[in-house]
Amino acid sequence: MDTNLNTCQSTSTTAGLASLPAANTENESRVFNACRYGQIEWLRGLLNSNDQRLTRREFLCGDTNEYSPLFAAAENGHAKVVELLLEIAARQPEEQRQKIILKMLNTGDPDGTTPLLVATWNGHLEVVSQLTCALVEAAAPLDSKARAKTLLTAINAKGEGGVTALSAAIYNRHDGIILHLSSILRHNFPPEHRSAAIMISLTSLCDNGISPLLMAAQNGCHDILELFLSAMDESAATDPSTIITALNTICDDGISPLFTAAQNGHSRAVAQLLDIARKLPGKLSNNTIMTMLNAACHHEGATPLFVAAQAGYTDIVVQLIEALAESTKTLPFKERISTRMAVLNGTGKSRATPMYTAAQNGHHQVMQQLTHAIWDTLSSLPNEERTGEVVKILTTPCYRDATPIFVAAQKGFHAIVESLLSLARELQDGDADRAITAVMNARRHGGATPFYIAAKFGHLKVVQQLIEALRETAKTQPYEEQSRVIAALLNDTCKDGSTPLFVASQNGHGNVLEWLFGVIHTLTEIERIKAVETIIGAGHTQGATLLFIAAQGGHHDIVERLLELSEELPAPRRTEAALAALSKSCDAGATPLYIAAQNNCLSVVATLLSISTAAVENLPDEERLSTLMNILNPCCKANATPLLVSCWNGHEKVVKLLLGALENAVKKLPKNEQAQLILTVLNSAIRNGATPFYVTAQSGYLNVMEQLTTLLNETIKALPESEQLQQTLNVLNHPYKNGTTPLYAALHEEHIEMAEHLLGATHTLPENQRCIAVIKMMQTASSDGTTPQYLAAEGGYNKIIRQLIDALQKNMTQQTPAQHNQTIQSVLYASRDCGATALSIAAQNGQVNVVKQLLSILQTLSAEEKSEAIQALLKACSKNVPPLIYIAARGGHLGIIQHLFQLLQEALATEPEAERAKITRNILNKTGSVRATPLYIASQKGHESVVKWLLDHGADPKKGWLFHPLGKFRPFRFLLTQTPLKVARRERHGAISIHISAALKERKTKSTAEVANDQTTTAKKTIV
């Protein structure tokens, strides 16, 4: 009896249909969609329509072969729809009812997911309850075996990934559903099949090897584990192999039930799993527990005991240790010891033991349990064997070659250190001493001991523990031997040469150092002196001393304490040791003062200077200054001094301290000697020639430079006037390796205020010497011929150029004509290797004021000399540098062209007009090495104002660029010559083309008129 729901005549049904989504593309019926979306009223209306054409298939199985209406309703948690569908099934004929209900319950999606499984996965408890009740009712009429099979088939039906309803509930932690399904397993299976059903349900594996039992252990689901225990209690006939397999199965992720329970801290679950194993008969129980404890899981070989110790789950560690002891008590003595130790001190792939991971993570209580268990295990061994095992446990390197006590000392876990030491102390007196000594001497791959690493990280409590433990081992020995042992520990070195005291100083652990210095005071006099001398003077990593490394880190309190320690030495050696420590350098040549200055450790610099000054007071007069200068002005491998490196980095306050110390150091000397010594320090250069003045000028630290020049000026004043100029230039104009000077460096880096200050630093010199100094500083050339004068012209620094010109003009008043000419040549013609001069670069960059400043030097010449000089200057050109007017025209700098033309006209003022015009035309049309005129290049670049000015002042519009030698012959001239008009048109400079065309037309008209005048004059002469 097929039916068509669209033909129903009920009003309510029609209304329901109107609001229901249409059938989808999968050809699902409207009944199916109504079940999916929970349209209970629509479904009831349809049933009440009494349409005889309705079939049970439509409601019970649907129209498709993949999904049923019951599945759709269960998936979405529509309990009323589920109830309605089950009610429809219950109305079917009695002989078909059971079959229909079971089919509905077991029909799922293509992956095998049933309504019960999908409802469980989505957490729909009411739906799960309805489905299981229907299942139980449908299976009730069956005999015991068939009923058990039917229930088990439905409950354990696997969906995608092999998931069952029980595993889905446990995985998603749906506690209500878990309890409900457990109740079904407990109460609805026939008693004779109940235990087997529970076992099968809890051990059913998903595709990834995970069982409900493992999930229960992972999530701490105690009810499921209790259900497993109850099943074992009910049936003594349960196959032990099934239980053993369930307990020891490792899933694809590499975990077993006991491992995951221990890892997640589920103490009760761990107890339940162990209880399950204990319920196995006799030897099987012990073997199973041992297998569970030794299971190397998680792909790293970790055991349950390891992960519990790692996480600090003390109660779980206790349970596992007790289970270990219980399961091995019947083994033979040797086997029992080895078996227990394999679990208690076993390593995985990472080589880490439970003790190591507990020490690493600071789990003191776990460590106590482990050490007690190990001692209980080893206590029955003979003394020698027991001692060997304890030493092996405490000294065998684990993860990254570190021992448990090493990693505990590194982290500062003093309680764990105490627990580990207590394990060694459990041995007999002599054995305990040997064990503690072995523990103290156990080294990592770099040579570090527990004591070293504790000092490095500043864990004072651990340092104290280890020292006291070492003292215990030597308490029966003579006092001298005890001192030797302690001193050896303090001076013990790693592979890099560093000691515990060194790394404590390096990291600024003053409290550790202070306590260790107190330990030194307890040594015998001989050992104390040796220790102090080693601490103060011995080089460690790369030759660095403790004082050096403390200064490097800026630990001024440690610096003070280290130098105070020299007071422990006998009087004759006290000063010597302190001064040796202050002047001793590392392998790179740096001293404590140098490194403190480099790192701007102001307080350390002040401390070192103060102590150095005080230390040299005890020396004879003839040694005092040289010793102090070795401290104040040492050179590292690159010859850098503390002053230079401070200037380089702009450490203004450190520079002030160093300069002040320098002045104080020499104040008792005669003035001349003071000056020479100070100048030597100020002019100390590194290998490349850089001095404090150079690096300061290059870096632009003006405040530092002011301090340097102030001291320089005060020092210069003390010298005879005849030496002042030379000494000033030695400092201010000291050349770098490429010939550059401090002034050059300042200008090159565009530190203009610095450059002005350097030039002004000569103000204390007499006027004539000051002018010479400025000239020398401005005109000293580098290796490529570049001078500060050139750089100032290039940058347009007018004030600096003005200072040079003023100095030159004042100096020229006392010069001979030859010297005068030489001075002008140095200003206007001195060039770089490329041929560029200060004047040409200023013209190129459009620096009009600079050009005017430089050319003002010509004002000192007579009119005739000035005329010759200007003409020569404007005509001058080289292979790489064209004439000045060409350069200015190329850049479009009309102001420079006008100034040059004005100077030319002033110089030619006394010349006849025809001669003046001829000279002007020659200069304006000069081509030079580039074979192009100023008018041509201005036309090419599009500088209209320059073109117009040149045409107005006599530039030849016809004279162009002869770019091929054949162009000098008339037949080729037109083809091989580029005229200003041609290039302007080619570059599409329309306005310039018009100006040039007009000039050409005007010139042609003028030329025609001149020819007519000449013909008329000739005719008149002929008539006469």
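The values are calculated or read from the model by the stated rules, or taken from the named source; none is laboratory data. In this text, all values refer to a predicted model and were calculated from it rather than measured experimentally. Methodologically, a virtual Cβ is constructed for each residue, glycine included, from the backbone with ideal geometry; neighbour enumeration extends over all protein chains shown. Surface accessibility is based on the protein's heavy atoms, side chains included, excluding ligands, DNA and RNA. Shrake-Rupley method; radii C 1.70, N 1.55, O 1.52, S 1.80 Å.
Got at least one residue in region 641-660 being hydrophobic (A, V, I, L, M, F, W, C) and either outside any helix (DSSP H, G or I) or at positive phi (or both)? Steps first, answer last, please.
Start the filter on region 641-660 by keeping residues that are hydrophobic (A, V, I, L, M, F, W, C), which leaves 643-645, 647-648, 654-655, 657-659.
Filter once more, keeping what is either outside any helix (DSSP H, G or I) or at positive phi (or both): none.
Looking for residues that are hydrophobic (A, V, I, L, M, F, W, C) and either outside any helix (DSSP H, G or I) or at positive phi (or both), one finds none in region 641-660, hence no.
Can you name every residue in region 746-784 that is outside any helix (DSSP H, G or I) and either within 22 Å of S831 (Cβ to Cβ) or open to solvent by 20 Å² or more (accessible area, probe 1.4 Å) (or both)?
E749, E750, H751, H763, T764, P766, T780, A781, S782, S783, D784
Looking at region 272-284, which of the residues that are in contact with an Asp or Glu (Cβ under 9 Å, 6 or more places away or on another chain) and open to solvent by less than 30 Å² (accessible area, probe 1.4 Å) is farthest from T245 (Cα to Cα)?
Step by step, filter region 272-284, then rank; the result is Q272.
Take region 406-419 and flag every residue that is surrounded by 24 or more Cβ atoms within 10 Å (Cβ to Cβ) and either under 23 Å from C494 (Cα atoms) or over 36 Å from the mean Cα position of the chain (by Cα) (or both). If you could, list the steps in order and put the result at the bottom.
At the first step, the residues of region 406-419 found to be surrounded by 24 or more Cβ atoms within 10 Å (Cβ to Cβ) are 406-409, 413, 416-417, 419.
Hits for region 406-419 are F406, V407, A408, A409, F413, V417, S419.
Can you tell me how many residues within region 505-544 are within 19 Å of F457 (Cβ to Cβ), open to solvent by 20 Å² or more (accessible area, probe 1.4 Å) and of a type outside the set (F, W, Y)?
9
Is it the case, given these coordinates, that A231 is without any contact (Cβ under 8 Å) to a residue 40 or more places away in the chain, outside any loop (DSSP other than H, G, I, E, B) and under 19 Å from L166 (Cα atoms)? Spell out the reasoning first.
Values: without any contact (Cβ under 8 Å) to a residue 40 or more places away in the chain: yes; outside any loop (DSSP other than H, G, I, E, B): yes; under 19 Å from L166 (Cα atoms): yes.
It is true that A231 is without any contact (Cβ under 8 Å) to a residue 40 or more places away in the chain, outside any loop (DSSP other than H, G, I, E, B) and under 19 Å from L166 (Cα atoms).
Could you please tell me which pairs satisfy a Cβ distance under 8 Å, a separation of 6+ or placement on different chains, a first residue in region 183-195 that is of a type in the set (V, I, T), and a second residue that is part of a helix (DSSP H, G or I)?
I184/T132; I184/V136; I184/L151; I184/I155
Out of all the residues in region 941-982, which are modelled with pLDDT of 70 or more and not in a helix (DSSP H, G or I)?
Within region 941-982, G942, H943, H953, G954, A955, D956, P957, K958, K959, G960, Q978, T979 qualify.
Of the conditions (1) under 35 Å from the mean Cα position of the chain (by Cα); (2) closer than 26 Å to L421 by Cβ; (3) open to solvent by 30 Å² or more (accessible area, probe 1.4 Å), H372 fails just one. Which one is it?
It is condition (1) that H372 fails.
Of all the helices (runs of 4 or more DSSP H) wholly in region 554-598, which have at least 3 residues that are open to solvent by 20 Å² or more (accessible area, probe 1.4 Å), of a type outside the set (A, V, I, L, M, F, W, C) and free of Cβ contacts under 8 Å to residues at least 12 places away in the same chain?
571-583
May I ask you to list pairs of residues, at least six apart or on different chains, whose Cβ atoms are under 7 Å apart, with the first in region 409-437 being aromatic (F, W, Y) and the second being open to solvent by 20 Å² or more (accessible area, probe 1.4 Å) and not in a helix (DSSP H, G or I)?
Hits for this filter: F413/G362.
Sort out for me the helices (runs of 4 or more DSSP H) sitting completely within region 287-392 that have 2 or more residues that are under 19 Å from Q272 (Cβ atoms).
Counting at least 2 such residues, we get 304-311, 314-328.
Select, from L344, L324, L331, the only residue that is open to solvent by 40 Å² or more (accessible area, probe 1.4 Å) and either at pLDDT below 95 or more than 24 Å from V417 (Cα to Cα) (or both).
L331
Here is a yes/no grid of residues against (1) in contact (Cβ under 8 Å) with a residue 12 or more places away in the chain; (2) outside any helix (DSSP H, G or I); (3) open to solvent by less than 10 Å² (accessible area, probe 1.4 Å):
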site	(1), (2), (3)
V695	yes, no, yes
E714	no, no, no
K737	yes, yes, no
Y744	yes, no, no
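The rows are residues; the columns are (1) crowded, with 17+ Cβ neighbours inside 10 Å; (2) more than 43 Å from the chain's Cα centre (by Cα); (3) of a type in the set (D, E, K, R).
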{"position": "D621", "(1), (2), (3)": "no, yes, yes"}
{"position": "P634", "(1), (2), (3)": "yes, no, no"}
{"position": "T641", "(1), (2), (3)": "yes, no, no"}
{"position": "G660", "(1), (2), (3)": "no, no, no"}
{"position": "N672", "(1), (2), (3)": "no, yes, no"}
{"position": "L682", "(1), (2), (3)": "yes, no, no"}
{"position": "I686", "(1), (2), (3)": "yes, no, no"}
{"position": "P692", "(1), (2), (3)": "yes, no, no"}
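Tell me which residues, restricted to region 746-769, are in contact (Cβ under 8 Å) with a residue 40 or more places away in the chain and of a type in the set (S, T, N, Q).
T764, N768, Q769
Output yes when any residue across region 384-396 is within 24 Å of L427 (Cβ to Cβ), surrounded by fewer than 17 Cβ atoms within 10 Å (Cβ to Cβ) and among the β-branched types (V, I, T), and no when none is.
yes
Looking at region 856-874, which of the residues that are of a type in the set (A, V, I, L, M, F, W, C), open to solvent by 30 Å² or more (accessible area, probe 1.4 Å) and under 18 Å from V827 (Cα atoms) is farthest from the chain's Cα centre (by Cα)?
Once the filter is applied, the top-ranked residue is L861.
Residue under question is I250, and the condition is that it be at negative phi, touching a residue at least 24 places away in the same chain (Cβ under 8 Å), in a loop (DSSP other than H, G, I, E, B) and in contact with a strand residue (DSSP E or B) (Cβ under 8 Å, 6 or more places away or on another chain); does it hold?
Criteria met by I250.
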